[in-house]
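These notes concern the structure reproduced below.
The numbers here are math on the coordinates, done by the rules we state, and not lab data. Just so it is clear, the model here is predicted, and its values are computed rather than measured. Here the Cβ positions follow ideal geometry from the backbone for every residue, glycine too, while neighbour counts run over all protein chains shown.
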Amino acid sequence: MLKPYCLIVALLVSSMLIAAPQLHSNNSDKQSEPAQQSHLHGTAQLTLALEGNALEISFESPAANIVGFEHKATDEKQIKVVKQAKQKLQAADLFSFSGSDCSLKKTEIDMSSVIEEGHQHNDREGHSEISANYRYECSTGEKLETVSVNLMSRFPAVKTLEVRWLTYRQQGATKLKAQSNLIRIR
Ligand SMILES: [Zn+2]
């Protein structure tokens, strides 16, 4: 069941890369890293794919926007910051909906770039990302009208959220700010 939605998200992300070549000015070698998204502090990406009643939301952000640093947490204070950020990313009210009720079924938060999580990762120099995936089940997906995103009020360092969304009917793109956090999908 999961695979078709992963495919949709993958297609969506690749269409974003094609549609937004100007975002890659700091990554001239696009061929070697086709999946690499732009990394601009203050900006993060959100993709939504609605298929039937299943809504898949993917969030990707520079770690600096979420925890204030982009290296592995080295002391108790930083570890606490990472844990608190993870709790905020797991909050059930991070997204709210109109037109249809949608309930959160699955959350996957990847903060491995800023904390050791069981298996060791190679420490990379430079920037790092945090990603989160949410799977919602909606009561009547075709009636879903808006998704309001509460990420920016929880993570004020995210100044701009670049959104791409896709339903069976249409697709669109928008940029959200803290004071305008509504995605209208129909
Ligand atoms: Zn960075």
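Which order do CYS102, CYS138 fall in if you start with the one that has the fewest other Cβ atoms within 10 Å?
Exposure proxy ranking, most exposed first: CYS138, CYS102.
Kindly put ARG186, ARG135, ARG164, ARG169 in sequence by how many other C-beta atoms sit within 10 Å of each C-beta, fewest to most.
The order, fewest Cβ neighbours first, is ARG169, ARG186, ARG135, ARG164.
Short version: ³J(HN,Hα) in whole Hz for each residue of the range 83-97, in order, from phi by Karplus 6.51 cos²θ - 1.76 cosθ + 1.60 (θ = phi - 60°), x for Gly and Pro, what are they?
Per residue, the Karplus-derived 3J(HN,Hα) values read 5, 5, 5, 5, 4, 5, 5, 8, 4, 5, 9, 5, 10, 9, 10 Hz.
Fewest to most neighbouring Cβ within 10 Å: what's the order for TYR134, TYR168?
Ordered from fewest to most neighbouring Cβ atoms within 10 Å, TYR134, TYR168 come out as TYR168, TYR134.
Pop a pseudo-label 7 angstrom from the Cα along the beta-carbon direction at both LYS175 and ASN150 and give the gap in nm to one decimal.
Going by the 7 Å Cα→Cβ label model, 2.6 nm.
Suppose R0 equals 22 Å; then what is the FRET efficiency for GLU51 and LYS143 from their Cβ-Cβ distance, rounded to the nearest 0.05?
E between GLU51 and LYS143, to the nearest 0.05, is 0.90.
Once you have a ≥ b ≥ c as the square roots of the Cα gyration tensor eigenvalues for the range 76-186, tell me rounded if a/c is under 1.5, and otherwise prolate or oblate according to whether a/b is larger than b/c.
prolate
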